[in-house]
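For reference, the structure discussed in these notes is given below.
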């Protein structure tokens, strides 16, 4: 009798579960997408079907099939299957599973596959507790994470597992899953007639944004919205539920946005934004800016990157880019969002369309390399400070030539220490306003050197320069 009640309770639980949970694939053949990992003949599929699975870290966006793959493995393998969620589990839970795995291996000869969902939420101590059991084969670990494991999973644990990257599902994949759910009478919506209009399907795909869970649960909610609307309008019962684009929008409210403020989505999107400005593509720059703003990126972080890249990628080819970027950053502080989107866009467009030069960036890095690798010789005597009493008695400033006393306010003299004299750190480009800087420096160097290529000062009576 107890078994009957338990079975009935389990059946009721499954029936009340969200559509995405009910439609979760039970076999590898039912899995949609990730063909490069589990397609016929692929190494992972062979390992699963032969029950010779290595430890795995499954890395991918929400709804890409990480938990699904783990559940399929659980139903395919002859090994024990244990499951933990990193959100509610601690070191004690990990150690308990490991002890049970040891007993199963010792007394029954059965290995244990341990699936840990959201493994990135485990702290270092929790991850370290797994290491010995993973290393000696007591457990086969399957960890699922939406965050870059190189940032969120300890290196020793990562080195003992095979890293698999799952991709967001394509619209074709999602369409297959949606149509499967509409026809499935056992687990899906097939017991009631549903007509999903083409524009509703397009809206569903747009809102899901590659997330299978969002697509299926959005479909289920949209069917309920459409059914409720039909009742309100007094349409006859028993007819098909017509799901419109409006019903989908009402059900999903907003699309599934994959973005994390300190993970891959943050860094990858910011990188695309920067590279679009560097590549002189204002449309792409504004697009990535809009994506970051819509996802909730801190506008101050965006403003900081604008400042850096105005100097790094535009530099003196257009010196106005840097003050404009600084002004945009100040505007963010003064007006905030949503209005701050406008000065941010203005600055991004300006940087993207400005002539480009990375000469300042290269110059400081070359100079730093020289500072770090060359001997630090004293400041040449003619360049030393003479503003205090007694400086001249020490010989400071002797031989210094005041440029404003010479034609064109320039006179060749050595400004670098002897061991790096004549080195060129700044090489202006031929872009924008920096082209004029280049021509001027070339003229000055022809007259005897700019930063150190010219003759040094005449030695003083003591033989010092």
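Out of 262, 283, report the one residue that is surrounded by fewer than 19 Cβ atoms within 10 Å (Cβ to Cβ), at pLDDT below 95 and not in a helix (DSSP H, G or I). Give the derivation first.
Numbers: 283 fails: not in a helix (DSSP H, G or I).
Going through 262, 283 in turn, the sole match is 262.
If you go through the range 106-114 one residue at a time, do you hit one that is outside the structural domain of residue 214 (by TED's automatic domain parsing) and closer than 30 Å to residue 208 by Cα?
Within the range 106-114, one or more residues are outside the structural domain of residue 214 (by TED's automatic domain parsing) and closer than 30 Å to residue 208 by Cα.
Helices (runs of 4 or more DSSP H) wholly in the range 300-418 with at least 3 residues that are touching a strand residue (DSSP E or B) at 6+ places or on another chain (Cβ under 6 Å) - which ones?
Of the helices (runs of 4 or more DSSP H) lying wholly inside the range 300-418, none has at least 3 residues that are touching a strand residue (DSSP E or B) at 6+ places or on another chain (Cβ under 6 Å).
Every residue, every condition in (1) in contact (Cβ under 8 Å) with a residue 60 or more places away in the chain; (2) outside the structural domain of residue 141 (by TED's automatic domain parsing); (3) over 19 Å from residue 242 (Cα atoms), yes or no:
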| site | (1), (2), (3) |
| --- | --- |
| 158 | yes, no, yes |
| 161 | yes, no, yes |
| 179 | no, yes, no |
| 183 | no, yes, no |
| 191 | no, yes, no |
| 198 | no, yes, no |
| 209 | no, yes, yes |
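When you check residue 84 against the structure, is it surrounded by 14 or more Cβ atoms within 10 Å (Cβ to Cβ), assigned to a loop (DSSP other than H, G, I, E, B), in contact (Cβ under 8 Å) with a residue 24 or more places away in the chain and touching a strand residue (DSSP E or B) at 6+ places or on another chain (Cβ under 9 Å), yes or no?
No.
For the range 70-81, give me each residue that is assigned to a helix (DSSP H, G or I) and touching a residue at least 60 places away in the same chain (Cβ under 8 Å).
Correct list: 70, 73.
Only one residue in 435, 345, 367 is within 39 Å of the chain's Cα centre (by Cα) and closer than 30 Å to residue 289 by Cα, so which one is that?
On the way: 435 fails: closer than 30 Å to residue 289 by Cα; 367 fails: closer than 30 Å to residue 289 by Cα.
Going through 435, 345, 367 in turn, the sole match is 345.
Going by the conditions given, is residue 441 outside any loop (DSSP other than H, G, I, E, B), touching a residue at least 12 places away in the same chain (Cβ under 8 Å), within 43 Å of the chain's Cα centre (by Cα) and surrounded by 16 or more Cβ atoms within 10 Å (Cβ to Cβ)? Before the answer, list the steps.
Working: outside any loop (DSSP other than H, G, I, E, B): yes; touching a residue at least 12 places away in the same chain (Cβ under 8 Å): yes; within 43 Å of the chain's Cα centre (by Cα): yes; surrounded by 16 or more Cβ atoms within 10 Å (Cβ to Cβ): yes.
Yes.
Taking residue 21 as meeting all but one of (1) under 21 Å from residue 187 (Cβ atoms); (2) assigned to a loop (DSSP other than H, G, I, E, B), write down the number of the exception.
So the condition that residue 21 fails would be (2).
Of everything in the range 286-296, what is assigned to a helix (DSSP H, G or I) and either within 16 Å of the chain's Cα centre (by Cα) or farther than 19 Å from residue 307 by Cβ (or both)? Give them in sequence order.
287, 288, 289, 290, 291, 292, 293, 294, 295
Considering only the range 41-49, I want to know if a residue exists there that is touching a residue at least 60 places away in the same chain (Cβ under 8 Å), within 29 Å of the chain's Cα centre (by Cα) and surrounded by 13 or more Cβ atoms within 10 Å (Cβ to Cβ).
yes
So residue 223 ticks every box in (1) buried (at least 20 other Cβ atoms within 10 Å of the Cβ); (2) modelled with pLDDT under 90; (3) touching a strand residue (DSSP E or B) at 6+ places or on another chain (Cβ under 8 Å) but one. Which box is left unticked?
Among (1) buried (at least 20 other Cβ atoms within 10 Å of the Cβ); (2) modelled with pLDDT under 90; (3) touching a strand residue (DSSP E or B) at 6+ places or on another chain (Cβ under 8 Å), the lone unmet condition for residue 223 is (2).
The values are calculated or read from the model by the stated rules, or taken from the named source; none is laboratory data. Quick caveat, the model's predicted, so the values are computed rather than measured. Positions of Cβ are generated from backbone atoms using ideal geometry, with glycine treated the same way; all protein chains shown enter the neighbour counts.
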